[in-house]
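The values are calculated or read from the model by the stated rules, or taken from the named source; none is laboratory data. Worth saying up front: this structure is predicted, and the values here are computed from it rather than measured. Glycine also receives a Cβ, built like all others from the backbone with ideal geometry; neighbour counts cover every protein chain displayed. The accessibility values were calculated without ligands, DNA or RNA, using every heavy atom of the protein model including side chains. Shrake-Rupley method; radii C 1.70, N 1.55, O 1.52, S 1.80 Å.
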Amino acid sequence: MFDIKTILLLLTVLTGAVAIILLYMLFRKNKDNGLSLFADGIFRAQSELAGRLSQMSESNSAQQAMLAQAIQEQKISLLKIMDERLLEVTKNVGQGLQTSADKTAQTLNDLRERLAKIDVAQQKISSLSEQVVSLQEVLSNKQARGAFGEIQLNDLVTSILPPSAYAFQVVLSNQKRADCVLKLPNPPGTIVIDSKFPLESYQALRNASSDREKAEAERFFRASVLKHIKDISEKYIIPGETAESALMFMPSESVYAELHANFVDVVEASYRAKVWIVSPTTLMATLNTVRAVLKDARMREQAGVIQKEVGSLIEDIARLDDRIENLGRHFEQAGKDINDIKISSGKISRRIEKIEEIELGSSEHPLPMEQLTAPKSA
């Protein structure tokens, strides 16, 4: 928009131009009266211009005053609105910051708890890794692996059977040392358990990548297990000393499952050799059966004592019957005696009544002396 000075300047220029045009026209129309008309025109033009300028100035002042008042009111309203909006924004921002701070604190707390759990889990994983490494080191050594199987066998046997039913590291008559011996009555007699763990051949079978390697690993695994079966059959089945069969303990469920799933011929060979292959789970079931057999054997051993005690009990019952019968006879005799006593007491009572009648009755008809003194039968 143009300011007031610019407007006034434009109006002045326009007014001057109009006055010049009018003077020129008047001058051409009347050359004789040119000067007088020129002076009159200039005077009228100046008067008209001054009036219009005065009106425009007054109008402009009024408009400026109204504009200034409107601007002031608009400014006040705008400031009020801005203050309200700023207060609302400040409040919302404060609430948002508080909510964000609370959520951040809760998130940090949850994060610390999870980090603590992760730390504990990491420690457990580290401990488990150390144990796995230790177990791998143990299993990589044949002697340590054998000790591992013997310890597992020891734990299973001692947790199920009573101490009198087993023995460890027993030397047989052929000077062979058995890992464990189950002491059962005949039949079947003493059963030997030997721990075997064909880990190398099983790992080779698991790690085989080609058909050729798998075939070689299967032959190696089959030969290893068959050799263990043969050794147990020759060393730990002794006629007259041990049972007709023995147990081969495999301390690995995976090896046992692989054997029964893919090497049925080896399992059948163990049956023919009377060497029963057991895993920790099947050995536990076998030992529970052995415990039941031992319990039944102890019951049979005590059968004679039970029969003797039952015979003595029958004799005691017979004597008790005789004594009860004698007591019954005594009770019958006592009852008979009591009845006799009642009869005698009744007779005595009747005699006393008769004596009273004699004493209280009439003396005109006394009873003869013979009736008073004559004896009566009981």
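Below is a table of values for the structure above.
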| item | result |
| --- | --- |
| Odd one out for V293, checked against (1) modelled with pLDDT under 85; (2) farther than 20 Å from L156 by Cα | (2) |
| Considering residues of the range 152-169 that are in contact (Cβ under 8 Å) with a residue 12 or more places away in the chain and outside any helix (DSSP H, G or I) only, the residue most open to solvent (accessible area, probe 1.4 Å) | F168 |
| Residue satisfying all of: in the range 196-249; open to solvent by less than 30 Å² (accessible area, probe 1.4 Å), assigned to a helix (DSSP H, G or I) and of a type outside the set (A, V, I, L, M, F, W, C); nearest to V266 (Cα to Cα) among these | S224 |
| Unmet criterion (only one of (1) open to solvent by 80 Å² or more (accessible area, probe 1.4 Å); (2) at pLDDT 80 or above; (3) more than 30 Å from V192 (Cβ to Cβ); (4) hydroxyl-bearing (S, T, Y)) for S377 | (2) |
| Some residue of the range 178-194 being surrounded by 14 or more Cβ atoms within 10 Å (Cβ to Cβ), polar (S, T, N, Q) and either in contact (Cβ under 8 Å) with a residue 60 or more places away in the chain or part of a helix (DSSP H, G or I) (or both) | no |
| Matching residues, the range 263-283, being loosely packed, with under 15 Cβ neighbours inside 10 Å and touching a residue at least 12 places away in the same chain (Cβ under 8 Å) | D265, K274, T281 |
